[in-house]
1. For Glu76 and Glu180, FRET efficiency with R0 = 51 Å and r from the beta-carbon atoms, rounded to 0.05?
2. So how do Ser164, Ser223, Ser108 rank on accessible area, 1.4 Å probe, biggest first, that is with the largest at the start?
3. Can you compute the modelled spin-label distance between Glu102 and Gln193, with each label point 7 Å from Cα toward Cβ, in nm?
4. Where does each of 68-78, 259-269, 166-176 land if you order them by average Cβ count within 10 Å, highest first?
5. Please turn the phi angles of the stretch 213-218 into ³J(HN,Hα) values with the Karplus equation 6.51 cos²θ - 1.76 cosθ + 1.60 (θ = phi - 60°), one per residue in order, whole Hz, x for glycine and proline.
6. Protein chains only, probe 1.4 Å: how do Arg141, Arg56, Arg64 rank by accessible area, largest first?
7. With Cβ to Cβ distances under 14 Å as the rule, what net charge do the other residues near Ala201 carry (K, R +1; D, E -1)?
8. With a 1.4 Å probe and every protein chain left in place, work out the accessible area per residue of the stretch 122-257 in Å², rounded to a whole number.
Amino acid sequence: MKKALLLGTTGIAVALAMLAFGFVAGSPQIAKAGTAQPVETTQPVQTAGADTKIDRTEVEGIIRDYLLKNPEVLLEVQDALEAKQKDEQRLAALGVIKNAKEQIFNSSFDGIVGNPNGKVTIVEFYDYNCGFCKRAIEDMRALTKADPDLRFVLKEFPILGPDSQKASVVSMAFHLMMPEKYGEFHNALLGGQGRATEAAAIKIALSLGADEATLREKMKDPSITEAFAKTYDLANKLSITGTPSYVVGNEVVFGALGQEVLAEKIEAAKAAL
């Protein structure tokens, strides 16, 4: 935020400096391309055809007075900068989604709830210890219940410490063993009370029929670590830094925005098919 405001202030300063030089020189004309002369701002400046000298201190004073009298300009610059950055982020995400479509929507390590063959897919990046993800699980349940053609992909993105990472290792190992029961496992661990840990995840897996020795062996599978690395890299390319975050169609949706917003994004993705 401070950096953005600094950039905005710098832009205003440059513009006002140009205005100040033109005003003090007494010239209302805009310089033609190729006619500008280099200016040494550390020394007093004698503008061409003018008798008035100005220096850096005078220019900075003009800028300072303007900003003090019109501080709302900084907010306007900040809004414009944020809008530009969001648009650049959106365009960058489009490219990533196009180039990494299979990894985003069809990774073999991701769990699926809803209709596995649904025409529309929504992908959720989540952490088992994310409070917002725990509340957002109701959105997933409601959306898949209301739309029989919705395919909901669950992408493990453990970013909230060692407990989250260990719980996700168990989760992915369970998915490799019993993919048909992954939805039940996910609902029990993410929707349960208390912190998600390796022990808590193993307890749920065993309650759903997993063999403990086999499960612990699967937890050592190097492909799980590789899958995490690919997901972290993908999230970085999509500018995803928090959970939950979603990919719907060609759009990245950040945060737990609620069932209604996600439903709108899903309908938009359907319309684009």
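The values are calculated or read from the model by the stated rules, or taken from the named source; none is laboratory data. Model, not experiment: these values are computed from the prediction. Virtual Cβ from ideal backbone geometry, glycine too; neighbours counted across all protein chains shown. Please note that ligands, DNA and RNA were not included when accessible areas were found on the heavy atoms of the full protein model with its side chains. Shrake-Rupley method; radii C 1.70, N 1.55, O 1.52, S 1.80 Å.
1. It comes out at approximately 0.40.
2. Ser108, Ser223, Ser164
3. Going from the Glu102 label point to the Gln193 one covers 4.6 nm.
4. The most tightly packed comes first, giving 166-176, 259-269, 68-78.
5. 5, 5, 4, 5, 5, 5
6. Arg64, Arg56, Arg141
7. Net charge in that neighbourhood comes out at 0.
8. Spelled out: the 1.4 Å probe surface of the stretch 122-257, per residue, equals 44 Å².
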